[in-house]
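First up is the structure itself, then whatever we jot down about it.
The values are calculated or read from the model by the stated rules, or taken from the named source; none is laboratory data. All of these numbers come straight from a predicted model, not from anything done at the bench. For neighbour counting, all protein chains shown are included, and Cβ atoms are generated from backbone atoms with ideal geometry for every residue, glycine included. With ligands, DNA and RNA removed, areas are computed over all heavy atoms of the protein, side chains included. Shrake-Rupley method; radii C 1.70, N 1.55, O 1.52, S 1.80 Å.
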Amino acid sequence: MAVRKVAVTLPEELYDLVERARAVEHRSRSEVIQEALRTHFGEAIYIPTDDERRRLIEALEAVDEHPDAVREWTDVRDELWPTT
């Protein structure tokens, strides 16, 4: 998929919302804004299945039990989708 860089000016309150969302969700600013645009224009957004939710809950509980086993999202993402 081809990509283009775009400079966007945001009011301070929208910028703060984007920054909070990306911090909580461990995503890039571009990912958060892309999802917002897709939602605005009516594209389907990802909704996890019941099994995916169950697995996420299990993973979060495992983190509570073994916090030193947590890995950085960037490391996991690079492992899942290596760049060539």
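Quick notes on this one:
- The single residue among L14, L60 that is aliphatic (A, V, I, L, M) and open to solvent by 90 Å² or more (accessible area, probe 1.4 Å) turns out to be L60.
- Whichever residue in the range 24-49 is of a type in the set (A, V, I, L, M) and part of a loop (DSSP other than H, G, I, E, B) and, among such residues, is modelled with the highest pLDDT: I47
- Taken as a whole, the condition of being modelled with pLDDT under 90 and out of contact with any Phe, Trp or Tyr (no Cβ under 8 Å at 6 or more places or on another chain) applies to E52.
- T83 meets the conditions (1) surrounded by fewer than 10 Cβ atoms within 10 Å (Cβ to Cβ); (2) assigned to a helix (DSSP H, G or I) in every case but one. The failed one is (2).
- Among the conditions (1) out of contact with any Asp or Glu (no Cβ under 9 Å at 6 or more places or on another chain); (2) surrounded by 10 or more Cβ atoms within 10 Å (Cβ to Cβ); (3) not basic (K, R), V32 misses just one, which is (1).
- Leading residue by the ranking (least open to solvent (accessible area, probe 1.4 Å)) among those in the range 35-46 that are under 26 Å from D16 (Cβ atoms) and of a type in the set (A, V, I, L, M, F, W, C): A36
Residue-by-condition table, conditions (1) touching a residue at least 24 places away in the same chain (Cβ under 8 Å); (2) of a type in the set (D, E, K, R):
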| residue | (1), (2) |
| --- | --- |
| S30 | no, no |
| I33 | yes, no |
| G42 | no, no |
| T49 | no, no |
| L60 | no, no |
| H66 | no, no |
| D75 | no, yes |
| D78 | no, yes |
| T83 | no, no |
